[in-house]
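Engineer: One structure coming up, written as structure tokens, with questions to follow.
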């Protein structure tokens, strides 16, 4: 009995909490996202929560620079954009690979990076969104829904 108790204490204490998401369909995901676009990841930089000076970011974050090639929803008027996600999957971070193309669903959080002095809107994504590797069929379906709903 003593050995069983010791085993359970050691086993249970080493279990980590993993990411848990509520899954939405394509249409609902488009409705709740601030922006939806397709692009290629061209760089990444890791930030500590302190560097971001944002109370809603409590874990290490990665800032990805994305070369935009199609905007489905939202007002994006630049050819490149910076997005943020947690640096690990256990915190629901979406771990992009530099050089790959993705369809990305984002929402906004306000924050300040340590090298800046003004509050700015930071676009954020995670593994709980419909963000995924770019797929032409998915792109056509997103365009159709956005046209029907009047998203630009």
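Engineer: What length, rounded to one decimal in nm, is gained on full extension from residue 18 through to residue 79, with 0.36 nm per residue of separation minus their alpha-carbon distance? Walk me through the numbers before you get to the answer.
Structural biologist: Working: separation 61, 0.36 × 61 = 21.96 nm, distance 3.46 nm.
Extending this stretch completely gives an extra 18.5 nm.
Engineer: Counting DSSP beta bridges in the stretch 25-149, what percent are antiparallel, to the nearest 5?
Structural biologist: Bridges in the stretch 25-149 that DSSP calls antiparallel: roughly 95 percent.
Engineer: Could you give the spread of the C-alpha atoms of the stretch 25-149 along their three principal axes, from largest to smallest, in whole angstroms?
Structural biologist: Its Cα atoms span 41, 26, 25 Å along the three principal axes.
Engineer: Sort 26-34, 63-71, 137-145, 99-107 by packing, meaning the average of other beta carbons within 10 Å per residue, with the highest value first.
Structural biologist: Result, highest mean Cβ count within 10 Å first: 99-107, 63-71, 26-34, 137-145.
Engineer: Between residue 90 and residue 137, what's the calculated FRET efficiency when r is the beta-carbon distance and R0 is 22 Å? Round to 0.05.
Structural biologist: With R0 = 22 Å, the Cβ-Cβ based efficiency is 0.10.
Engineer: Which distance in nm do the two modelled labels at residue 149 and residue 32 give, with both placed 7 Å along the Cα-to-Cβ direction?
Structural biologist: 1.2 nm
Each value in this text was obtained by applying a stated rule to the coordinates, not by laboratory testing. On a predicted model such as this, the values are computed, not experimentally measured, just so you know. Note: ideal-geometry Cβ built from the backbone for every residue, glycine included; neighbour counts use all protein chains shown.
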